[in-house]
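Data first, discussion second: the structure below is written as structure tokens.
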Amino acid sequence: MGAVKLERVFADLHLHIGRTESGEPVKISGSRDLTFRNIAHEAAIRKGIGLLGVIDCHSPGVQKDIIRLLDSGEMAEVPGGGIRYRDTTILLGAEIEVRDEGCGPAHHLAYLPTLADMTQFTTWMACHMKNVNLSSQRLYVPARLLQEEVKSRGGLFIPAHIFTPHKSLFGSCSDQLDQTLDPALIDAVELGLSSDSRMAGLIPDL
């Protein structure tokens, strides 16, 4: 086999939306200027970021914004997954809080290939969540069921900021990964700002 050429990609896979274009709140603590379009524009034009993970795309208001951008031709869906804006690819994601019985809360990231996949995921979550319009809301199902729903739609499942003391897998939920999650259905983990990458590599679960 010939040598595989690797390409460097500058990415940010955990971006929140503050408001929709019509001003509806999504991430309450986020800036109202953080709309789907503004995030994409800033990344593509000013920052040179090639890959974005926008993790509030489960919100119906955000989905309406995306549909308008697709219909106008300003953005386009990428075959195989993602949304393209100029030279930047955007992954459609959601950050979701789960609290298994006997455990503390943990946040998990789910990235789905297409807008259709995400809207179907939203429909499912709306049956188990009090307000699907907002960011990082509690989903009242076991974490393993959430994993299965994500993977059945061809998505990626990533535990979020796993060492952060507030609402994370090891920071507030459990001492072992397999206590609440199926390791076979995890694609990666997000260490978080409070982590030590070298020490994380010494944990057998990782």
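The values are calculated or read from the model by the stated rules, or taken from the named source; none is laboratory data. Here the structure is a predicted model, which is why all the values come from computation and not from measurement. We place every Cβ from the backbone using ideal geometry, glycine too, and count neighbours over all the protein chains shown. With ligands, DNA and RNA removed, areas are computed over all heavy atoms of the protein, side chains included. Shrake-Rupley method; radii C 1.70, N 1.55, O 1.52, S 1.80 Å.
Numbers at a glance
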{"read-out": "Matching label, Rg and Dmax of the Cα atoms in Å computed from the structure shown, candidates (i) 18.2, 65; (ii) 17.0, 53; (iii) 18.3, 59", "value": "(ii)"}
{"read-out": "Distant-in-sequence amide H partners of LEU13 (H built 1.01 Å from N, under 5 Å)", "value": "GLY53"}
{"read-out": "Unsatisfied cross-links (Cα-Cα over 28 Å) in the set LYS27/LYS167; LYS47/LYS167; LYS47/LYS151; LYS64/LYS130; LYS5/LYS27", "value": "LYS47/LYS167; LYS47/LYS151; LYS5/LYS27"}
{"read-out": "Region 138-150 - phi-based ³J(HN,Hα) in whole Hz, Karplus 6.51/-1.76/1.60, Gly and Pro as x", "value": "6, 9, 8, 9, x, 4, 5, 5, 4, 4, 4, 5, 5"}
{"read-out": "Selected from GLY81, GLY23, GLY171 as most flexible by GNM, with the chain as the system and alpha-carbon contacts under 10 Å", "value": "GLY23"}
{"read-out": "Backbone HN-Hα couplings from phi across region 51-62 [Karplus 6.51/-1.76/1.60, Hz, Gly and Pro as x]", "value": "9, 10, x, 9, 9, 10, 7, 6, 5, x, x, 5"}
{"read-out": "DSSP-defined antiparallel bridges as percent of all bridges, region 18-150, nearest 5", "value": "75 percent"}
{"read-out": "From phi via Karplus (6.51, -1.76, 1.60), per-residue ³J(HN,Hα) for region 34-42 in Hz, x at Gly/Pro", "value": "7, 9, 4, 5, 5, 4, 4, 5, 4"}
{"read-out": "Accessible area of the chain belonging to carbon and sulfur atoms, whole % at 1.4 Å probe", "value": "53 percent"}
{"read-out": "Net charge contributed by nearby residues that have their C-beta within less than 13 Å of LEU146 (K/R +1, D/E -1)", "value": "-1"}
{"read-out": "Most to least accessible of LYS27, LYS5 (protein chains only, probe 1.4 Å)", "value": "LYS5, LYS27"}
{"read-out": "FRET E, pair HIS166, ALA3, Förster distance 35 Å, beta-carbon r, rounded to 0.05", "value": "0.20"}
{"read-out": "Cut-off under 5 Å, modelled amide H: who pairs with THR89 long-range", "value": "LEU51, LEU52"}
{"read-out": "Value at 222 nm in deg cm²/dmol, rounded to 500, when DSSP H runs of n ≥ 4 in the chain each add -39,500 (n - 2.57)", "value": "-6000 deg cm²/dmol"}
{"read-out": "Ranked order, GLU77, GLU7 - accessible area, probe 1.4 Å, largest first", "value": "GLU7, GLU77"}
{"read-out": "Cut-off under 5 Å, modelled amide H: who pairs with ASP56 long-range", "value": "ILE17, GLY93"}
